[in-house]
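K.L.:
I'd like to ask some things about the structure below.
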Amino acid sequence: MPLLDVVPDLERLAADRVVPELLERGFCCVDGLLGERAGDAVLEQVKDLHRTGAMDDGRLAGSGPAGPPAGVRGDKIAWVSGAERECDAINALLKRLDHVITVCARSLDGRSITERSKAMAACYPGNGAGYVKHVDNPNSDGRCITCIYYLNKNWKAQEDGGVLRIFPDGKSCAVDIEPHFDRLLLFWSDRRNPHEVLPSYAARYAVTVWYFDSDERAEARRRFARPAGCEVRSS
Ligand code: OGA
Ligand code: NI
């Protein structure tokens, strides 16, 4: 009989962990989101995007026409809708994230979350590059929740670095999140969670998705006339 991976019941996960922790601490870290097999499949697809040269400098693809200056972020990224060839495992991850967020949104005091970005597959190549302290959405561009799914097996933060350090607004101490395989991190994308990626000395893979607050997004679209994100679909 094939071994079945034990994956969490998403309804319960959302109600018992994600919603309370987002409301109390502003972030939530969940291990074992997909299980070994589905996680492996995502990892292989992200590695392939890197191997085949489908990734560009995050530095150049960042906000604004020219992107942030050198030294701000050293990752390579590719935007994925999930419908591309060889991206079915990433698509399954997106479905699962949509499901978690849809369930959470019901309990997040009246927030309407009906859209998200594409998936950003990212690789910090391991040359000591990181991402300086920043806020994902400092200016109300509509992004409400950042979801990062980490893909790194046997990550040894002491040697490999690459820790995500969050500086929760109003708290004196920082929180370090190690980018371990099959770990999902969710946090408010606004000024409540400044964060940085410490220098990474091994190849570090992750997939990030931003969910939009519908009202803030509509307002931002009016202001910036930016293209729409993808519809959130729940499986
Ligand atoms: C980002 C970011 C963190 C990480 O892409 O905005 O902060 O842990 N990434 O990869
Ligand atoms: Ni960020």
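The values are calculated or read from the model by the stated rules, or taken from the named source; none is laboratory data. If you're wondering where the values come from, they're calculated on a predicted model, not measured in any experiment. Please note: Cβ atoms are built from the backbone with ideal geometry, for glycine as well, and neighbour counts cover all protein chains shown. In case anyone asks, the SASA skips ligands and DNA or RNA and just uses the protein heavy atoms, side chains included. Shrake-Rupley method; radii C 1.70, N 1.55, O 1.52, S 1.80 Å.
K.L.:
Give K95/K133; K118/K156; K47/K76; K47/K156 a once-over and call out the pairs whose C-alpha atoms are over 22 Å from each other. The partial results should precede the final answer.
P.N.:
Values: K95/K133 30 Å; K118/K156 29 Å; K47/K76 11 Å; K47/K156 19 Å.
Pairs exceeding 22 Å: K95/K133; K118/K156.
K.L.:
Let me ask something else. Tell me, in nm to one decimal, what length is gained between N154 and A41 on full extension, where the rule is 0.36 nm per residue of separation less the Cα-Cα distance? Intermediate results must be reported in sequence, preceding the final value.
P.N.:
Values: separation 113, 0.36 × 113 = 40.68 nm, distance 1.67 nm.
Here the answer is 39.0 nm.
K.L.:
May I pose another question? If each DSSP helix of 4+ residues adds -39,500 (n - 2.57) and the sum is divided by the residues in the chain, what number results at 222 nm, nearest 500 deg cm²/dmol? Don't jump to the answer; show the numbers that get you there.
P.N.:
Details: 7 runs with 65 residues, N = 235.
It comes out at -8000 deg cm²/dmol, rounded to the nearest 500.
K.L.:
Taking amide H positions as placed in the peptide plane 1.01 Å from N, state which residues far from E115 in sequence (5 or more) or on other chains have amide H under 5 Å from it.
P.N.:
Sorted by chain and number, the residues that satisfy this are F212, V232.
K.L.:
Where in the chain is the longest stretch that carries no trypsin sites (Lys or Arg not before Pro) classed as loop by DSSP and with at most 14 other Cβ atoms within 10 Å?
P.N.:
The segment 1-84 is the longest one with no such site.
K.L.:
Sequence-distant or interchain residues sharing an amide H contact under 5 Å with F181, placed H: which?
P.N.:
Result for F181 returns N152, K153, N154, W155.
K.L.:
Quick one: how many Å² of F27 are accessible to a 1.4 Å probe, rounded to 10?
P.N.:
Counting only protein heavy atoms, the figure is 10 Å².
K.L.:
As a test of reading the structure, rank T208, T102, T114, T52 by solvent-accessible area (1.4 Å probe, protein chains only), most first.
P.N.:
Details: T208 10, T102 40, T114 65, T52 105 Å².
Sorted descending by solvent-accessible area, the residues read T52, T114, T102, T208.
K.L.:
Same structure, new question: Residue by residue, what Karplus-based ³J(HN,Hα) values in Hz, rounded to whole numbers, does region 123-133 have, using 6.51, -1.76 and 1.60 with θ = phi - 60° and x for Gly and Pro?
P.N.:
10, 8, x, x, 9, x, 6, x, 9, 5, 4
K.L.:
Amide H neighbours of G161 under 5 Å, at least 5 residues apart or on other chains, H built in the peptide plane: list them.
P.N.:
Y201
K.L.:
Return the carbon/sulfur percentage of the accessible area of region 65-154, one whole number, probe 1.4 Å, all protein chains in place. Present the calculation step by step, with values, prior to reporting the outcome.
P.N.:
Values: 1880 of 3710 Å².
Ligands and nucleic acids excluded, carbon and sulfur reach 51 percent.
K.L.:
Also: Quick one: if the Förster radius is 22 Å, what FRET efficiency do E21 and V135 give, using the C-beta to C-beta distance and rounding to 0.05?
P.N.:
Details: r = 19 Å, r/R0 = 0.89.
For E21 and V135, the calculated efficiency is 0.65.
K.L.:
Turning to a different aspect of this structure: Can you pull the accessible area of W155 for me, 1.4 Å probe, Å² to the nearest 10?
P.N.:
20 Å²
K.L.:
Sticking with this one: Applying the Karplus parametrisation 6.51 cos²θ - 1.76 cosθ + 1.60 with θ = phi - 60° to the phi angles of region 151-164, what ³J(HN,Hα) value in whole Hz is obtained for each residue in order, glycine and proline being reported as x?
P.N.:
10, 9, 7, 6, 6, 10, 4, 4, 9, 8, x, x, 6, 8
K.L.:
Scan the chain and note any complete DSSP helix (H) whose C-alpha atoms cover at least 24 Å along its axis and whose Kyte-Doolittle average is -0.5 or more.
P.N.:
On the way: long enough: 88-107 (29 Å, 0.43).
Going by DSSP H runs, the hits are 88-107.
K.L.:
Keeping every protein chain in place, order Y149, Y131 by accessible area at 1.4 Å, biggest value first, i.e. largest first. Walk me through the numbers before you get to the answer.
P.N.:
Details: Y149 0, Y131 45 Å².
Putting Y149, Y131 in descending order of accessible area: Y131, Y149.
K.L.:
Related question: Using the Kirkwood radius over Cα pairs, work out the Stokes-Einstein diffusion coefficient for the chain at 25 °C and 0.890 mPa s, in µm²/s as a whole number. Walk me through the numbers before you get to the answer.
P.N.:
Working: Rh = 18.0 Å.
Using the Kirkwood radius from Cα pairs, D works out to 136 µm²/s.
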